[in-house]
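This report concerns only the one structure given below.
The values are calculated or read from the model by the stated rules, or taken from the named source; none is laboratory data. As the structure is a computational prediction, the values presented were derived from the model and not from experiment. Positions of Cβ are backbone-derived with ideal geometry, glycine not excepted, and every protein chain shown enters the neighbour counts. With ligands, DNA and RNA removed, areas are computed over all heavy atoms of the protein, side chains included. Shrake-Rupley method; radii C 1.70, N 1.55, O 1.52, S 1.80 Å.
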Amino acid sequence: MQKMKRLAKKAGAMMLALAVVFSSMGGNVIASAEQKAVTVVPFENQWKYYGQPKTFIMDEHYSLSEDVALSDIRWELGIAEENVGNQSFVLKGTTESDDYRFTLEENAPTFEVREYLTDAVVQTYADADSGEEKNISVYSRSRESVDIQAPDGYLISKTLTADDSSWEEEIESGALQEGENTISYYLRSNFNDSTRKAIDSTEKSVTIKVDSIPPQIKELVGGQLTDVEAEGSISIVGDDSATYYYMVLPADNTQEVTAELIKENVTSGYGIVGYGRVDGTQEAALNIKGLTANTNYIIYAILEDDAGNISAVGESGVFSTDKIALQGAVAVSGEPELNQTITAVPQLTSPNAGTLSYQWYRIKLDGDAAEVDAAWDETGGAAEDDLEADDADDDSDDADDSDDGDDSDDGGDNGSDDDAADDSASGDGAESDGEITVLDGAELIEGATASTYKITKQDIGCRLIVSVRSDNYSGYVAGSTSTFVPKLMPTYKKPTVSSKVYSPKRKLSSIKLPAQWSWVDKSIVPVYGNSGYRAKFVPSDTSLYKSVVIRVKVPIKKKTLKKSMVSVSKTKMYTGKVIKNNFTVKYKNKKLSGKKDYSTEYINNKNLGKAIVKIKGKGNYKGSVKFSYRITRRSMKKVTCWYEDVKVYKGKPITVGMKVKNGSVGMKLNRDYTVTYKNNTEIGQSSVILKGLGNYYGKRTLKFSIVPNKPVIKKVKKSGKKLRLTIAKGEKDITGYRVYISKSKSFSKSKTQKYITSGRVFGIQNMTSGTWYVRVKAYTTRDGKSYLSSYSKTKKVEIK
């Protein structure tokens, strides 16, 4: 208030009591009653990004009343605070000696300060030593200050300020410490667009890792040698990680080995060199190739960490490569069978091999397992129904017809030794996919160090490998048997089975075999004349002996046919042809086949009277059965009739075309049946009566209709929208006519009008223009039922 008073006094006016009042349109600076208000009106929809400078220009951003009493005051419009959100306007006044500031009321218009955000971050810096662009977070070997470049299109500052002098294209990190150094910064837009000088007030940071300590090699060794290759390892001290570089030189090398030489040779691929990564958790393996046989070597290596620190050159101990590898092959002669001796036959290409040594191994291959355990099958695996039955006559009596196959057999007797297998028979063995020339996974056979080897029980199912070594060479050559050692054939006695009467219910599962024997397929029903069914013998020692599958004959007697097995009807109606297969034969609820189980002979099986059938067993059945039945007359109701069920009136008796059949056999009029008619002259319902003769009996009445003749439209007369139709005179019993008038030539239901008239003249009025079609039907009514003629010819009429 004191400032307001000073303002009024300074203007040379009377004392003013100033107040700042804003409406929704702006604000007034009000003096006394003699003074007029100073009106300030900020324009609507004004905003800027945080940090951008904003100058409000009169008549562009706000208006000020022209009638200003305090005319020597310089007015300036601004905002209260530089924060994101809606900010109050501030009106400032300046004279030669004083400054004044008025904050507008809360309900006055506000100015929007919008938040500015960017995803941009600092990306790279120039390495002080190499000048290469590196990611800002990559290790640095220097503790000196690092220049942090602003991203393209931005300026950077360590502090959040609107002062232009604080924003630069780069900032200095300051002195760095060993380890991680976090540098905070802010970004301001430097783009020539609406974001220029907008500040992202979100603090960003970058981490610079300083590592000035070189890594140290913990251990460097070489070993696991062949004549031209070696395996080594390298490890690092602590939990650090680094890239290793190594080169391998003969132990008598006199050249100075430096870190620069090692890295240069690795980079150019010169000599026996290599590189990789190693960390403190485990050692890194070195796979060294291209060495010379029987030579002393040293591995030289360095470590370089991510900051570029390089360790001192490390050296492994001296290691020696082996002699030149033995070259050639080994053949194995002899049969791979139990108790047989096989021989290693070296086929070496290395000169002057000197003294040779041998070692035998055994190995089981997954691919051999199935055949090792497979049974020996003398049947060749043939299916049972592939074998022809023995058709020898069966003269034995099957008195035990009650045997239904449900009772188990009491076991067969052991036969002679005629079919016993030779104990020395050799197994087939699996064919080899190629000789085995390496010893991976093979079991060393203790004491088997001669050039020959006698096969034992432990070798069954295995392939045998022999390795050959030389005093003058390193390594070995190896060869193997081409197949595995098979199991032996066991000694067995072929079982015999007692005879049984055929039964469709008896399966092999009900027929017992001696101990160690079982049927391969227990679900088979053995038949008469079989050549045997496959049975399997399992030896007690399956590790030494094979299982065996042979064919065991099951003696089956034929079943005698009996009359009780036949089902037949006592009578059969006459068919007009021979009657066959009107019976069934069953045994144990199974229907017998007329093709394979019995043959049939018929006597008098066509005409009326007694018919005789004889069946004779075959296959699994024998004997014969004779039975009879009677062929009786067929009812006329059991025949089929074809005739015309609608006939046109002729004024005289009418007949219908009649065709009668017994199944597929045609019947003859006056031999098999007679025909008479009833009411077959006048229009109405008529009947035709069939009566059976000879092989047929009974009556059958069929109905047909007699309808009026097709009418004739005699004349069609049109007059304007009227139509007059005249129908020619027909038979005397016509009751009336049905008239059909349609816009459709096909007389579709939706476009057709139907009329009924009792006279021969018919008229219709108010017809619409266009083409019309007319046709009629005649009808006669008898006993409440109408009998309709067919349609007359269609007449075409044009109505204009």
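Working carefully through the options Asn294, Asn287, find the one that is in contact with a strand residue (DSSP E or B) (Cβ under 8 Å, 6 or more places away or on another chain), surrounded by fewer than 18 Cβ atoms within 10 Å (Cβ to Cβ) and outside any strand (DSSP E or B). Talk me through it step by step, then tell me what you get.
Working: Asn287 fails: outside any strand (DSSP E or B).
Asn294 is the lone residue from the list that is in contact with a strand residue (DSSP E or B) (Cβ under 8 Å, 6 or more places away or on another chain), surrounded by fewer than 18 Cβ atoms within 10 Å (Cβ to Cβ) and outside any strand (DSSP E or B).
Which residue is most open to solvent (accessible area, probe 1.4 Å), if the candidates are limited to region 455-481 and must be farther than 12 Å from Ile436 by Cβ and among the hydroxyl-bearing types (Ser, Thr, Tyr)?
So the residue we want is Tyr476.
If I filter region 271-279 for residues that are within 30 Å of Tyr473 (Cβ to Cβ) and either outside any strand (DSSP E or B) or more than 52 Å from the chain's Cα centre (by Cα) (or both), do I get at least one hit?
Yes.
Name every residue in region 205-215 that is touching a residue at least 40 places away in the same chain (Cβ under 8 Å) and surrounded by fewer than 15 Cβ atoms within 10 Å (Cβ to Cβ), in order of residue number. Quick ask: steps written out before the conclusion?
First pass over region 205-215, keeping only residues touching a residue at least 40 places away in the same chain (Cβ under 8 Å): 206-215.
Thr207, Ser212, Ile213, listed by residue number.
How many residues are closer than 19 Å to Asp645 by Cβ, out of contact with any Asp or Glu (no Cβ under 8 Å at 6 or more places or on another chain) and open to solvent by less than 90 Å² (accessible area, probe 1.4 Å) when one looks only at region 670-682?
Matching residues across region 670-682 total 6.
Of all residues in region 174-204 being within 30 Å of Arg277 (Cα to Cα) and either small (Gly, Ala, Ser) or out of contact with any Lys or Arg (no Cβ under 9 Å at 6 or more places or on another chain) (or both), which is least open to solvent (accessible area, probe 1.4 Å)?
Gly179
Collect the residues in region 581-621 that are open to solvent by less than 20 Å² (accessible area, probe 1.4 Å), assigned to a strand (DSSP E or B) and of a type in the set (A, V, I, L, M), keeping them in residue-number order.
Val585, Ala611, Val613, Ile615
Scan region 357-370 and give yes if some residue there is surrounded by fewer than 18 Cβ atoms within 10 Å (Cβ to Cβ), modelled with pLDDT of 95 or more, out of contact with any Cys (no Cβ under 8 Å at 6 or more places or on another chain) and part of a strand (DSSP E or B), otherwise no.
yes
Here are some residues: Ser531, Ser540, Ser547. Which one is out of contact with any Asp or Glu (no Cβ under 9 Å at 6 or more places or on another chain) and either modelled with pLDDT under 95 or farther than 25 Å from Lys596 by Cα (or both)?
Going through Ser531, Ser540, Ser547 in turn, just one is out of contact with any Asp or Glu (no Cβ under 9 Å at 6 or more places or on another chain) and either modelled with pLDDT under 95 or farther than 25 Å from Lys596 by Cα (or both): Ser540.
Where in region 676-758 are there strands (runs of 3 or more DSSP E), lying fully within it, with 3 or more residues that are among the polar types (S, T, N, Q) and at negative phi? Break it down into steps so the answer makes sense when it comes.
Numbers: elements: 684-692, 699-707, 713-719, 722-727, 736-742, 752-757.
Fully inside region 676-758 and qualifying: 684-692, 752-757.
So which residues in region 627-645 are in contact (Cβ under 8 Å) with a residue 60 or more places away in the chain, open to solvent by 80 Å² or more (accessible area, probe 1.4 Å) and either among the β-branched types (Val, Ile, Thr) or within 26 Å of Lys606 (Cα to Cα) (or both)?
Arg630, Arg633, Lys637, Lys638
For (1) within 20 Å of Leu348 (Cα to Cα); (2) acidic (Asp, Glu); (3) assigned to a strand (DSSP E or B); (4) open to solvent by 20 Å² or more (accessible area, probe 1.4 Å), each residue gets a yes or a no:
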position	(1), (2), (3), (4)
Ile298	no, no, yes, no
Leu303	no, no, yes, no
Asp306	no, yes, no, yes
Ala312	no, no, no, yes
Gly317	no, no, no, yes
Asp322	yes, yes, no, yes
Ala329	yes, no, yes, yes
Val332	yes, no, yes, yes
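Hey, Asn709 hits all of (1) in contact with a Ser or Thr (Cβ under 9 Å, 6 or more places away or on another chain); (2) open to solvent by less than 20 Å² (accessible area, probe 1.4 Å) but one; which does it fall short on?
With respect to (1) in contact with a Ser or Thr (Cβ under 9 Å, 6 or more places away or on another chain); (2) open to solvent by less than 20 Å² (accessible area, probe 1.4 Å), Asn709 is out only on (2).
So, of the residues in region 271-284 that are closer than 12 Å to Glu219 by Cα and not aliphatic (A, V, I, L, M), which turns out to be surrounded by the most Cβ atoms within 10 Å (Cβ to Cβ)?
Top of the filtered list is Glu283.
Is there a residue being open to solvent by less than 50 Å² (accessible area, probe 1.4 Å), closer than 27 Å to Val345 by Cα and modelled with pLDDT under 95 anywhere in region 489-503?
No, region 489-503 contains no residue that is open to solvent by less than 50 Å² (accessible area, probe 1.4 Å), closer than 27 Å to Val345 by Cα and modelled with pLDDT under 95.
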